[in-house]
Every structure is written in C-alpha cells, then in structure tokens.
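Input: a single structure, listed below in structure tokens.
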Amino acid sequence: MLVQNSRGTSVVSSWLSVLLALFLMMSGASSGWAQDEADETEKPAAAAKSGAEGETEAAPEKQNMLMWLIETSGFIGLIILVISIFFVHRTVTLFLEMRPEIIIPPELVQQYDALLTKKDFNGIYQASKQSESPLGQLVISGLTVMASGMGEAREAMDRTGEAITVKMEQRISMLAVIGSLGPMIGLLGTLKGMISSFSVIATSGTQLKAAEVAAGISEALVLTFEGVAISVPAIYLFALFKDRVATLSVDAQNLAGEYVRKIHSSYASRTGTPGAGTPA
C-alpha cells in the first residue's frame, strides 16, 4: 500500500513537472512574441524618425529669391542698377519735355493769333522774346533779320531750328549710350562668371563641387540678362524719341515760318510797300 502511494505520488509529481514546464514554455513564448511585436512596431517608427531627422538635416535652407539675385549680381549688378535708375529718370524727363505743348505752346499760338489780328507786331516780338519755347526762339530769330527780306529770315530760322534740333538730340543721346553699354556690362559679368566656374573645375581635383560651378554659371547668366534687359528698352526709346524730335522740330519750324510770313505780309499791306521789312 505504501508502494502504491509512492508510485501515485511520483506519477502526480511527474505530471506536475510536465505541466509546470509547459506553462513556463508558453509564458516564455508569449513574452517573446510580445517582444517581437513590440520590436516590429518600434522599427518603422524609429526608421521614420531617423528618416525625418535625416531629411531635416539634409534639406538646405531656402534662400529668398531677391537676396539670391542681389548676391549673385554682385558689384557689376550694382553698376547696372545705377544705370537703370539713371535710365528711368532720363526717360521720364524726356517724356515730360518732348511734348507738342512744350515745343509749341498752345497759349503762345493763341497769343500770336490775337496780336496778328490787332497787327501788334511789337507785341509779337515781346511775346516771342519772353517765351523759352522753341517756337518763340524760331519766331524771334526770323523777326530779327526780317528787315533784310524773307530769304534772310528763312535762313535765320533754319539755323535756329538746326541748333534746337541738335540740343534736343543731345538730350536723347544718353539712351543710345545706355543701349550700347548694357550688353557690354552684361558680357563683362558673363566672363567673370565663366572664369569663376572654370576655376572651380580646375582646382577641385577629383571631387567636383557642383554648387560652386553652378554659382558661377548663374552669375554669368543673371548679369547677361540684366545687361540685355536694360539695353532693349533703351534702344527702343532712343528710336522713339529721335522720331519725335524730328517731327516736333519740323512742325515748330513750319509754324514759325508761317507766322513770320504772315507778319511780313500784314506789315507790307499796312504800309502799302511790297516787300517791306520788319516793323521797328
């Protein structure tokens, strides 16, 4: 009986040992599975975090476009900027000066018509003398020598008209200079940028610095663009104002000649002497 009890106890102990071993194995396996799942969950998060940090570190700081343009242009770009400011100022001034109402003032024309109606020749002379317009200068030059005849008066007005035209063309000549100078300054910037790029290639050795090469090429292209950008409108405006100068000067000379002829005819008819000279 004692033997049977001992055998039963040993069997129970064996079964308990087996169950305990199975329990421990299942606990270890479940903890291993949980750890593996946790590791698998943390790996993508860690990879995403490291990727985000890498992208943050690798992403260059974005520079303002205007600041980049100023830095790329450099000293040559500053010269082009100064020329551009002068060009804009000269263009605005010419648009204000090269107007028909400035060359041929409407109030002066009305005054001439009123004085001619009254046959106030001395008043016409004084009005022309006080006026600083090209029309007044032409009329007074014709009246001054009209005593010698209409031929001399026309020649005097032609000489005065040529002088006025030359002065007006001198005012617009700077536009032609800017139109020719712009591409030359841009070419200087192009050469400077290309020299900078090729010097980087020559001194880089086995490892080429693409950013520095691109910086030199950018400088060359930007300065070329700036030079051409100021040259094209300057050439166009020079042609525009040259045509305007020719038109206004011819109109002023024709109108002044017409007034001088009317004064000469009116004075001659009043005195009854054909071909009489200018009034005193």
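The values are calculated or read from the model by the stated rules, or taken from the named source; none is laboratory data. No experiment lies behind these values; they were computed from the predicted model shown. Ideal geometry is used to build each Cβ from the backbone, glycine not excepted, and the neighbour counts take in all protein chains shown.
Answer with yes or no whether Leu175 is under 18 Å from Thr224 (Cα atoms) and assigned to a helix (DSSP H, G or I). Criteria not met by Leu175. Being surrounded by 13 or more Cβ atoms within 10 Å (Cβ to Cβ), at pLDDT below 75, over 18 Å from the mean Cα position of the chain (by Cα) and in a helix (DSSP H, G or I) is a property that Tyr259 lacks.
Looking at Gly149, Gly142, which is the one that is under 19 Å from Tyr267 (Cα atoms) and surrounded by fewer than 20 Cβ atoms within 10 Å (Cβ to Cβ)? Explain how you work it out, then say what you get.
Numbers: Gly142 fails: surrounded by fewer than 20 Cβ atoms within 10 Å (Cβ to Cβ).
From the options Gly149, Gly142, the qualifying one is Gly149.
Among the residues of the stretch 218-236, the ones that are closer than 16 Å to Gly74 by Cβ, crowded, with 17+ Cβ neighbours inside 10 Å and among the aliphatic types (A, V, I, L, M) come to 3 in all.
So if I check each of Gln170, Gln207, which one is outside any helix (DSSP H, G or I) and without any contact (Cβ under 8 Å) to a residue 24 or more places away in the chain?
Numbers: Gln170 fails: outside any helix (DSSP H, G or I).
None of the others qualify; the one that does is Gln207.
Within the stretch 87-107, residues that are assigned by TED's automatic domain parsing to the domain that holds Arg171 and surrounded by 17 or more Cβ atoms within 10 Å (Cβ to Cβ) reach partners that are of a type in the set (D, E, K, R) and in a helix (DSSP H, G or I) with beta carbons closer than 9 Å, at six or more positions or on different chains, in the pairs Arg90/Arg171; Leu94/Arg171; Leu94/Arg244; Met98/Arg171; Met98/Arg244; Ile103/Glu97; Ile103/Asp251; Ile104/Asp251. Considering Val200, Val232, the condition of being of a type in the set (A, V, I, L, M, F, W, C), farther than 30 Å from Glu97 by Cα and either in the same structural domain as Leu135 (by TED's automatic domain parsing) or assigned to a helix (DSSP H, G or I) (or both) is satisfied by Val200 alone. Annotation note: Cβ proximity below 6 Å between a residue of the stretch 141-162 that is touching a residue at least 40 places away in the same chain (Cβ under 8 Å) and under 20 Å from Asp251 (Cα atoms) and a residue that is among the β-branched types (Val, Ile, Thr) and surrounded by fewer than 21 Cβ atoms within 10 Å (Cβ to Cβ) (sequence gap 6+ or interchain) occurs for Leu143/Thr278; Ala153/Val145. Restricting attention to the stretch 117-139, does a residue exist that is within 14 Å of Ile164 (Cβ to Cβ), assigned by TED's automatic domain parsing to the domain that holds Glu162 and touching a Phe, Trp or Tyr at 6+ places or on another chain (Cβ under 7 Å)? Yes, because at least one residue in the stretch 117-139 is within 14 Å of Ile164 (Cβ to Cβ), assigned by TED's automatic domain parsing to the domain that holds Glu162 and touching a Phe, Trp or Tyr at 6+ places or on another chain (Cβ under 7 Å).
Residue count for the stretch 173-190 under the criterion of being more than 14 Å from Phe75 (Cα to Cα) and among the β-branched types (Val, Ile, Thr): the result is 2.
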